[in-house]
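Participant: Supplied in structure tokens, the structure appears directly below.
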Amino acid sequence: ADGMSEVGKGTLTTHVLNTATGLPAAGLGVRLAQLQEPGLQWMELAHRHTDADGRCQPLLAPGQAKAGTYKLHFETAEYWQGMGHTSFYPFVEVVFIITDPAQKLHVPLLISPYSYTTYRGS
């Protein structure tokens, strides 16, 4: 099947929580890229900043998702610097595979200056 037949109605969202304060991480930069063949190069698809609730507009709107490998890049160093802290992790990258483009995917990130956790949300 060609790529167009693999496009679905799913969306991709994220939410970032500052676990040091227990509050949403507002103003944190988030980039989405997809691994492209040939050559296995990352192509950036979206760049957003989290809002006051630690969320941003969907990174993939309905109809944009395709089966493939994706990467969320969270710009944590700039966020922590803005909060007056240093961070052990200058950025966090979460690589994942979309196998069913019709699914709604949610990839939350929990951060502190010295740790992070992610999981497949709902």
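Participant: For L17, list long-range residues whose amide hydrogen, built 1.01 Å from N in the peptide plane, is under 5 Å from its own amide hydrogen.
Facilitator: Excluding prolines and chain starts, which carry no amide H, the hits are A25, L109, L110, I111.
Participant: Under the Karplus relation 6.51 cos²θ - 1.76 cosθ + 1.60, θ = phi - 60°, what is the ordered set of whole-Hz ³J(HN,Hα) values for the range 12-29, x standing for Gly and Pro?
Facilitator: Along the range 12-29, the couplings run 10, 10, 9, 8, 10, 10, 7, 6, 6, 10, x, 10, x, 8, 8, x, 8, x Hz.
Participant: While we're here: Give the label of the value calculated from the structure for P(r) over Cα pairs in 10 Å bins from 0, in percent, choosing from (i) 12, 44, 33, 10, 1, 0; (ii) 10, 23, 15, 10, 9, 12, 11, 8, 2; (iii) 13, 45, 29, 11, 2, 0.
Facilitator: Read-out taken from this structure: (iii).
Participant: On to the next question. By accessible area of protein heavy atoms, probe 1.4 Å, what ranking do T117, T99 get, highest first? All intermediate terms of the calculation are to be shown ahead of the outcome.
Facilitator: Working: T117 70, T99 115 Å².
Heavy-atom accessible area, descending, gives T99, T117.
Participant: If you don't mind, another one. For the range 76-85, what does the Karplus curve 6.51 cos²θ - 1.76 cosθ + 1.60, with θ = phi - 60°, yield as ³J(HN,Hα) per residue in whole Hz, taken in order and with x for Gly and Pro?
Facilitator: Residue by residue, the range 76-85 yields 6, 4, 4, 4, 5, 4, x, 8, x, 10 Hz.
Participant: Assigning unit charges at the beta carbon (Lys, Arg +1; Asp, Glu -1) and nothing else, what dipole magnitude in debye, to the nearest 20, does the chain show about its Cα centre?
Facilitator: So the dipole magnitude of the chain works out to roughly 220 debye.
Participant: Under the definition of Cα pairs under 8 Å and six or more residues apart, what whole-number percent is the relative contact order of the range 11-118?
Facilitator: Details: 246 pairs, mean separation 35.8, N = 108.
Computed over the range 11-118, the figure is 33 percent.
Participant: Specify the residue with the greatest mean-square fluctuation among G29, G39, G63, computed from a Gaussian network of the chain linking alpha-carbon atoms under 10 Å apart.
Facilitator: Ranking G29, G39, G63 by mean-square fluctuation puts G39 first.
Participant: Give me the percent of the accessible area of the chain that comes from carbon and sulfur atoms, probe 1.4 Å, all protein chains in place.
Facilitator: On the way: 3750 of 6900 Å².
So the carbon and sulfur contribution to the accessible surface is 54 percent.
Participant: Right, something else. Sorting W42, W80 by accessible area (1.4 Å probe), largest first, what list results? Intermediate values should be presented prior to the final figure.
Facilitator: Values: W42 100, W80 5 Å².
My answer, sorted largest first, is W42, W80.
The values are calculated or read from the model by the stated rules, or taken from the named source; none is laboratory data. These numbers were taken from a predicted model, which means no experiment stands behind them. We place every Cβ from the backbone using ideal geometry, glycine too, and count neighbours over all the protein chains shown. Note: accessible area is taken over every heavy atom of the protein model, side chains too, but ligands, DNA and RNA are not part of it. Shrake-Rupley method; radii C 1.70, N 1.55, O 1.52, S 1.80 Å.
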